[in-house]
């Protein structure tokens, strides 16, 4: 005989799960005991939301579902932000929650919430396991659904009496590879004709282009066509940013310098664009034609309605498209002369003797190797890093431009540090977002991670304060006090440094990495550039008329 919880954990091992993030509860103690006896590592966190962020980032970086666990009621509901994070960000994630027994009701309705129903709008699948015999098939289905395009979160609820119930041993279902279909020949021929005839073509790389399985094919497609490209925020790094075809990143929806190229283009090849991202450009009646290349058909929106689509396995389909157009695009580099001016203006003031966002980005880039991983929380600095930080390897700038939640930066960086212990990993957090999951410093120290946290301190919810100012509202309700962040980090057993002079930032970060362990580096920020550049300077740049 085998217990339900043992069968569940065996099914997870069968799927290749090597770690589970989360917090146990009374209703899943059987599962915890089964994990203890297994090959799977339990990564105990300090909040369920952080566990979900870590598991989702694991899925984002590996392409395999990350797994997290929580108890019923409040613990399960603490996973919901992470579920939405994974759903909008297309990250494969499995969430396993406990529940009171369903065969008896000895505690009446105490702590009981219909978590399965609560999770349905936030997941691809939400199911309760009502019999141990269901476990092998439900687990296999959960992983299949989480991984298949479009990836996302799946929720399984295992009541405590089902977890503890014994049954006859059941065979596990072996995973098998699922081959994606290729785009049709007709679609490829039509797209090829549009590309060959374009006067000013431009490639855009979006969020789905960063799937681990397809990044090398996308890089080759750009090089084979010779067409310059820009990226969305979540598409950064898909093609090495060091190439001389990179035009910039669309951190805003319009009017930024990269939009000089977008506005002049007569054809945009949108590879992997997912409209959950804040629009990288606004389509209009007089705009360029757009070819949508993706794993799934385009979501037609008011601001995005492509005229042609290439649907299928992205990497393989683009290889076939490159075969049709390589060496046959006479105007491939028509927009390239704009590149130098765009990048020069974006990089302005990067070495200024002030704690400007541009200087912070420049100094962070100087201490991060090509394969170093930067995980951003959500705040005003995210726009600056998206615009100014050059990426040379896929998935080395982790930011969330879909749910755009605060509090995910530190947990995401921790997941990256666990997966890649030999690479430099840095979390970049504002003081607002950092304090939403700052308790995970203890987790990072306990796990022995090598991790640097750059803490940008302005004593306010800076992005919303900036928007409040742009909309001409009075400055109200956005400021707060902070602890002494150096002492705060030290109280968890981490190291702490406060940078007072601009020239000390890069050396302080270098020392933090060299010293190993968890090190928080606090730095002030001069956000006057938000108004000067992102409002006044860009307001003066009129859209280009074709």
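Run the paramagnetic zone check for residue 117: 7 angstrom along Cα to Cβ, then residues of the range 146-162 with backbone nitrogen under 20 Å.
Within reach of a label on residue 117: 155-160.
Calculate the tail of P(r) for the chain: the fraction of all Cα-Cα distances greater than 32 Å, expressed in %.
Numbers: 69554 of 148785 pairs.
That tail contains 47 percent of the Cα-Cα pairs.
Hey, with R₀ at 30 Å, roughly what FRET efficiency would residue 537 and residue 300 work out to, going by the Cβ-Cβ distance, to 0.05? It would help to have the intermediate numbers written out before the result.
Numbers: r = 34 Å, r/R0 = 1.12.
After rounding, the FRET efficiency stands at 0.35.
What is the helix-to-structure angle for 135-147, meaning the angle in degrees between its Cα long axis and the longest Cα principal axis of the chain, kept from 0 to 90 and rounded to the nearest 10?
Long axis of 135-147 versus the principal axis of the chain: about 10 degrees.
Using the Kirkwood formula over every pair of different C-alpha atoms, what hydrodynamic radius in Å results for the range 347-534?
Values: mean 1/r = 0.0606 Å⁻¹.
Its Kirkwood hydrodynamic radius stands at 16.5 Å.
For the range 2-167, what is the Kirkwood estimate of the hydrodynamic radius, computed as the reciprocal of the mean inverse distance between distinct Cα atoms, to one decimal in Å? Intermediate results must be reported in sequence, preceding the final value.
Values: mean 1/r = 0.0661 Å⁻¹.
Hydrodynamic radius (Kirkwood, Cα only) of the range 2-167 equals 15.1 Å.
In degrees, nearest 10, range 0 to 90: what is the angle between the Cα axis of helix 4-14 and the longest Cα principal axis of the chain?
Once rounded, one gets 40 degrees.
For the residues 519, 273, what sequence is obtained by ranking on other C-beta atoms within 10 Å, fewest first?
Numbers: 519 23, 273 29.
Ordered by Cβ neighbours within 10 Å, fewest first: 519, 273.
Multiply the residue separation of residue 36 and residue 526 by 0.36 nm, subtract the distance between their alpha-carbon atoms, and state the gained length in nm to one decimal.
Full-extension gain reported as 171.5 nm.
Antiparallel versus total DSSP beta bridges in the chain: what percent is that, nearest 5?
Values: 4 of 67 bridges.
Looking only at bridges with both residues in the chain, the antiparallel portion is about 5 percent.
What list do you get for 223, 138 if you sort them by fewest beta carbons within 10 Å?
The order, fewest Cβ neighbours first, is 223, 138.
So between residue 324 and residue 439, what do we pick up on full extension, going 0.36 nm a residue minus the alpha carbon distance?
Working: separation 115, 0.36 × 115 = 41.40 nm, distance 5.35 nm.
Additional length available on full extension: 36.1 nm.
Would you calculate the separation in nanometres between label points at residue 103 and residue 289, each defined as 7 Å from the Cα along the Cα-to-beta-carbon direction?
In this crude label model, residue 103 to residue 289 measures out at 6.5 nm.
Counting DSSP beta bridges with both partners in the range 293-428, what percentage is antiparallel, nearest 5?
Given both bridge residues lie in the range 293-428, the antiparallel proportion sits at roughly 10 percent.
Given the DSSP H assignment, sum -39500 (n - 2.57) over each helix run of at least 4 residues in the chain and divide by its residue total; what's the result at 222 nm in deg cm²/dmol, nearest 500?
On the way: 22 runs with 195 residues, N = 546.
Per the formula, -10000 deg cm²/dmol.
Please work out how much length the chain gains when fully extended from residue 490 to residue 468, using 0.36 nm per residue of separation minus the C-alpha to C-alpha distance, in nm with one decimal. Intermediate results must be reported in sequence, preceding the final value.
Details: separation 22, 0.36 × 22 = 7.92 nm, distance 3.48 nm.
Taking residue 490 through residue 468 to full extension adds about 4.4 nm, to one decimal.
Relative contact order for the range 347-534: what percent, with Cα pairs under 8 Å and sequence separation of 6 or more? Working shown, then result.
Details: 352 pairs, mean separation 43.1, N = 188.
Dividing the mean separation by the residue count of the range 347-534 yields 23 percent.
Contact order normalised by length for the chain, with contacts defined as Cα pairs under 8 Å and 6 or more residues apart; what percent is it? The partial results should precede the final answer.
Working: 1237 pairs, mean separation 69.3, N = 546.
Result for the chain is 13 percent.
How many angstrom separate the Cα center of the range 387-461 from the Cα center of the range 15-80?
Distance between centres, Cα-based: 19 Å.
By DSSP, what percent of the beta bridges with both residues in the range 2-167 are antiparallel, rounded to the nearest 5?
Working: 2 of 24 bridges.
Once the DSSP bridges in the range 2-167 are tallied, antiparallel ones form about 10 percent.
Using Cα pairs closer than 8 Å and at least 6 residues apart in sequence, work out the relative contact order for the range 279-318, in percent. Mind dumping the intermediate values first?
Working: 51 pairs, mean separation 16.0, N = 40.
This gives 40 percent for the range 279-318.
Pairwise over distinct Cα atoms, reciprocal of the mean inverse distance: report the Kirkwood radius of the range 185-342 in Å, one decimal place. Each step should come with its number before you reach the end.
Values: mean 1/r = 0.0664 Å⁻¹.
Mean inverse Cα-Cα distance, inverted, gives 15.1 Å.
Counting other beta carbons within 10 Å of each residue's own, what order do 470, 325 fall into, fewest first? Show your work: numbers first, answer last.
On the way: 470 12, 325 22.
Taking fewest neighbouring Cβ atoms as first place, the list is 470, 325.
Here, each number is a calculation from the coordinates, and none is a lab measurement. This structure is a prediction, so every number in the text was calculated from the model and none was measured. Cβ sites come from the backbone with ideal geometry, for glycine too, and all protein chains shown count toward neighbours.
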